[in-house]
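Written below as structure tokens is the structure these notes are about.
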Amino acid sequence: MLRREQISGESSTTDQRLLDSRGSTDWVHTDPWRVLRIQSEFVEGFGLLAELGRAVSVFGSARTRPEHPEYAIARELGNAIARAGYAVITGGGPGAMEAANHGAVEAGGKSVGLGIELPFEQRLNDWVDVGINFRYFFARKTMFVKYAQAFVILPGGFGTLDELFEALTLVQTRKVTKFPVILFGEQYWSGLLDWIRGTMLPEGKIGPADLDLIHVTSSVDEVVKIILESDLERSAQEVSEQAAHAEARASGANDAQ
């Protein structure tokens with residue numbers, strides 16, 4: 001509803017403007033139209049990944065060169081995750097993402113890439129078997145979280161840090177079912193962890209229990225072990241919760257009688 005000076009004075013109706021082929025095409029760039037584009041990204045993402053099965057999201061720098069030791073580690077990591085029975089989800093770009101996808105393909109696993117439209121870097125790398133390109137970061141992030149049982153964070157830059165803290169925030173606030181957030185590369189992450197423990201915790205910005213949300217390792221085998229143990233723990237918890245719900249329903253039925 002518009003009143004007084006908010007009325008534009010436009011005499012045409014909405015239907016008339018919709019059906020009229022004349023005039024400006026600026027309407028396709030308006031916010032209401034963008035809502036439909038955003039909706040389509042969620043629909044496409046959910047449709048593509050709905051039957052993916054167990055998966056692990058792996059993040060890391062797009063700038064990691066193939067000759068760098070971290071590239072070989074990411075490839076080994078993707079291979080090990082796939083051999084453990086999980087699909088490997090990355091941002092679909094070059095560098096560490098490409099390496100993890102490459103490792104997954106070598107192991108005969110599912111290799112997923114969730115790309116993003118950027119003014120620089122990147123197309124989906126050649127080792128992505130199931131891929132989708134997004135316009136919007138937030139739609140893409142939803143796919144990373146919704147379809148993963150764990151996050152593995154390789155050395156990276158601002159984008160990697162963004163994904164790390166997004167995951168930690170969602171787990172901390174219980175917006176997602178608890179899953180492990182694993183920092184790979186103890187030396188690379190030591191400065192950040194020292195600041196979290198030495199500044200954030202004493203200042204009361206986080207609690208002691210929040211430190212337990214972060215796993216740190218430089219071992220590929222340890223990464224897989226953490227993921228598998230977390231999966232078993234989550235499965236046992238789900239069974240326990242289902243039993244409790246069934247018992248509550250049975251008790252309610254008996255009370256009603």
If we keep only residues of the stretch 144-190 that are assigned to a loop (DSSP other than H, G, I, E, B), under 12 Å from the mean Cα position of the chain (by Cα) and not hydrophobic (A, V, I, L, M, F, W, C), then the residue surrounded by the fewest Cβ atoms within 10 Å (Cβ to Cβ) is GLN149
Conditions (1) in contact (Cβ under 8 Å) with a residue 60 or more places away in the chain; (2) over 26 Å from GLY85 (Cα atoms); (3) not aliphatic (A, V, I, L, M) -> GLN187 fails only (1)
Item checked: Residue match in the stretch 106-120 (condition: outside any loop (DSSP other than H, G, I, E, B), out of contact with any strand residue (DSSP E or B) (no Cβ under 9 Å at 6 or more places or on another chain) and either at pLDDT below 95 or within 17 Å of ILE153 (Cβ to Cβ) (or both)) -> no
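Please tell me if VAL56 is in contact (Cβ under 8 Å) with a residue 24 or more places away in the chain, buried (at least 24 other Cβ atoms within 10 Å of the Cβ) and either in contact with a Ser or Thr (Cβ under 9 Å, 6 or more places away or on another chain) or not in a strand (DSSP E or B) (or both). Outline the logic, then answer.
On the way: in contact (Cβ under 8 Å) with a residue 24 or more places away in the chain: yes; buried (at least 24 other Cβ atoms within 10 Å of the Cβ): yes; either in contact with a Ser or Thr (Cβ under 9 Å, 6 or more places away or on another chain) or not in a strand (DSSP E or B) (or both): no.
When the stated conditions are applied, VAL56 does not pass them.
Identify, from the list LEU164, LEU168, the residue that is closer than 19 Å to ILE73 by Cβ and touching a residue at least 40 places away in the same chain (Cβ under 8 Å). Before you say what the answer is, go through the steps one by one.
Details: LEU168 fails: closer than 19 Å to ILE73 by Cβ.
Going through LEU164, LEU168 in turn, the sole match is LEU164.
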Exercise. Just wondering, is there one or more residues in the stretch 71-87 that are part of a strand (DSSP E or B) and closer than 14 Å to GLY131 by Cβ?
Worked result: yes
Scanning the stretch 207-231 for residues that are surrounded by 10 or more Cβ atoms within 10 Å (Cβ to Cβ) and without any contact (Cβ under 8 Å) to a residue 12 or more places away in the chain gives GLY207, SER219, GLU222, LYS225, GLU229
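The values are calculated or read from the model by the stated rules, or taken from the named source; none is laboratory data. Quick caveat, the model's predicted, so the values are computed rather than measured. Cβ atoms come from the backbone with ideal geometry, glycine included; neighbour counts cover every protein chain shown.
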